[in-house]
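A short write-up of the structure that comes next.
The values are calculated or read from the model by the stated rules, or taken from the named source; none is laboratory data. Quantities reported herein were computed from a predicted structural model and do not represent experimental measurements. Cβ placement follows ideal geometry from the backbone for every residue including glycine, while neighbour counts extend to all protein chains displayed. Note: areas computed on protein heavy atoms with side chains; ligands, DNA, RNA excluded. Shrake-Rupley method; radii C 1.70, N 1.55, O 1.52, S 1.80 Å.
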Amino acid sequence: MAIEQPATRPANPRFSSGPCAKPPIHDLAKLSDAPLGRSHRAAVGKAKLLAAIQETRDILGVPADYKIGIVPASDTGAFEMAMWSLLGERPAQMVAWESFGAGWVTDVVKQLKIDATTHTADYGKIVDMGALNYDSDVCFTWNGTTSGVRMPNGDAIPADRKGLTLCDATSAAFAMDLPWDKLDVTTFSWQKVLGGEAAHGMLILSPRAVERLENYTPAWPLPKIFRLTKGGKLIEGIFKGETINTPSMLAVEDYLFALDWARSVGGLKGLIARADANTAAITTFVENNDWIDFLATDPATRSNTSVCLKFTDDRITDGPAFAKAIAKRLADENAALDVGAYRDAPAGLRIWCGATVETADIEAMLPWLAYAFDQEING
């Protein structure tokens with residue numbers, strides 16, 4: 001029996017995995033306190049930037065002796081800065097189970113040419129983190145934004161490791177409980193779980209990472225935009241809001257608004273609960289429909305933010321074309337925008353379930369997914 005077109009649509013059909021949906025109460029008028037036309041080095045600009053750092057620390061529970069800095073070029077810039085500044089002192093273990101992790105492998109192996117061992121897993125699976133050599137530096141993503149696979153916890157990372165752990169946590173921060181004692185470098189951007197604007201990255205350094213920076217000089221030259229030390233000492237100003245280059249004060253204000261909203265919904269625990277509720281709604285849908293499944297093969301490693309799905313119906317002869325048709329139909333109906341799988345990932349859908357998405361909108365979107373599937377498979 002054909003499925004009838006649903007009667008209602010999501011109030012907000014934005015399910016993009018970056019930039020992600022703004023907080024539900026977002027309003028441009030709420031950004032009126034942004035010091036536009038003022039220098040970011042003026043007292044008002046420095047105060048805003050320092051507040052962003054302090055609020056980030058408080059909500060995420062970052063230890064007091066860890067450094068937090070706002071850096072250029074989003075999560076990519078933050079992670080590149082960390083790799084180019086810290087790696088090379090010892091061998092590296094490069095871990096990849098999706099496209100962004102694979103990009104870091106390319107940088108280390110082909111650009112920096114560091115002595116590195118690469119560990120990979122297919123989309124939907126994860127590398128055995130317990131099998132790595134932590135006497136080396138280890139680079140990995142906590143949550144695979146393009147695969148929907150995440151670290152279940154940090155138990156495999158030894159407390160007495162000799163190397164540093166460099167973690168790309170861009171779609172995990174504010175939605176997953178990160179074990180700070182197991183992470184020496186952590187990076188993310190504002191545009192993911194809190195729905196902030198793009199172009200700004202966050203760099204969090206443990207005392208061990210700071211010690212490396214102050215006692216090791218890479219063999220390659222560093223551009224100004226990557227330099228974290230001067231005269232063998234950490235540039236402390238970067239971690240007090242004195243950014244390397246000029247930030248957008250409008251984007252900073254937007255991030256401060258998002259942090260304030262995060263606190264209003266219960267801080268980190270509330271944000272995690274919202275993401276979990278969104279993912280639970282999709283889990284119920286998948287369990288009730290045999291033509292769709294999670295790309296992640298192990299429930300323990302399924303992401304609660306970037307939820308990746310695959311179509312499993314035997315009648316589908318061209319997987320990529322079918323998935324694109326579903327995504328297009330959902331967009332044309334204004335039921336779900338930007339939910340196609342990442343270009344390097346297996347064919348399917350990627351639905352953002354981070355905390356800024358309302359569970360009611362996920363629940364309103366899913367009947368449209370069933371309707372779109374019915375229309376395409378029978379068309």
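Odds and ends about this structure:
- Of residues in segment 225-243 being in a loop (DSSP other than H, G, I, E, B) and more than 15 Å from residue 52 (Cβ to Cβ), the one most open to solvent (accessible area, probe 1.4 Å): 227
- Every residue from segment 85-95 that is within 11 Å of residue 166 (Cβ to Cβ) and either open to solvent by 10 Å² or more (accessible area, probe 1.4 Å) or aromatic (Phe, Trp, Tyr) (or both): 93
- Evaluated against (1) surrounded by 14 or more Cβ atoms within 10 Å (Cβ to Cβ); (2) more than 23 Å from the chain's Cα centre (by Cα); (3) of a type in the set (Val, Ile, Thr), residue 284 falls short on exactly one condition, (1).
- Taken over segment 105-153, residues that are β-branched (Val, Ile, Thr) and in a loop (DSSP other than H, G, I, E, B) amount to 5.
- Matching option when the condition is surrounded by 16 or more Cβ atoms within 10 Å (Cβ to Cβ) and over 20 Å from residue 152 (Cβ atoms), among 321, 296, 262: 262
- Taking first residues from segment 17-41 that are closer than 15 Å to residue 189 by Cα and partners that are of a type in the set (Lys, Arg) and part of a loop (DSSP other than H, G, I, E, B), the Cβ contacts under 9 Å between residues at least 6 apart in sequence or on separate chains come to 17/192; 18/192; 19/192; 20/192.
- Only a single item in (1) of a type outside the set (Lys, Arg); (2) surrounded by fewer than 16 Cβ atoms within 10 Å (Cβ to Cβ); (3) over 21 Å from the mean Cα position of the chain (by Cα) is not met by residue 249, and it is number (2).
- Residue within segment 208-218 that is within 30 Å of residue 340 (Cα to Cα) and in contact with a Leu (Cβ under 6 Å, 6 or more places away or on another chain) present: no
- The one condition from (1) in contact (Cβ under 8 Å) with a residue 60 or more places away in the chain; (2) more than 25 Å from residue 174 (Cα to Cα) that residue 347 does not meet is (1).
- Checked against (1) under 29 Å from residue 42 (Cβ atoms); (2) of a type in the set (Val, Ile, Thr); (3) open to solvent by 20 Å² or more (accessible area, probe 1.4 Å), residue 217 meets all criteria but (1).
- Residue in segment 341-359 that is among the basic types (Lys, Arg) and modelled with pLDDT under 95 present: yes
- Leading residue by the ranking (most open to solvent (accessible area, probe 1.4 Å)) among those in segment 1-60 that are among the hydrophobic types (A, V, I, L, M, F, W, C) and more than 23 Å from residue 264 (Cβ to Cβ): 1
- Flag if residue 98 is in contact (Cβ under 8 Å) with a residue 40 or more places away in the chain, open to solvent by less than 20 Å² (accessible area, probe 1.4 Å) and charged (D, E, K, R): yes
- So residue 51, is it assigned to a helix (DSSP H, G or I), in contact with a Leu (Cβ under 8 Å, 6 or more places away or on another chain) and in contact (Cβ under 8 Å) with a residue 40 or more places away in the chain: yes
- Picking from residues in segment 299-318 that are free of Cβ contacts under 8 Å to residues at least 24 places away in the same chain and among the polar types (S, T, N, Q), the one that is least open to solvent (accessible area, probe 1.4 Å) is 312.
- Test: residue 222 is in contact with a helix residue (DSSP H, G or I) (Cβ under 7 Å, 6 or more places away or on another chain) and either modelled with pLDDT under 95 or in a helix (DSSP H, G or I) (or both): no
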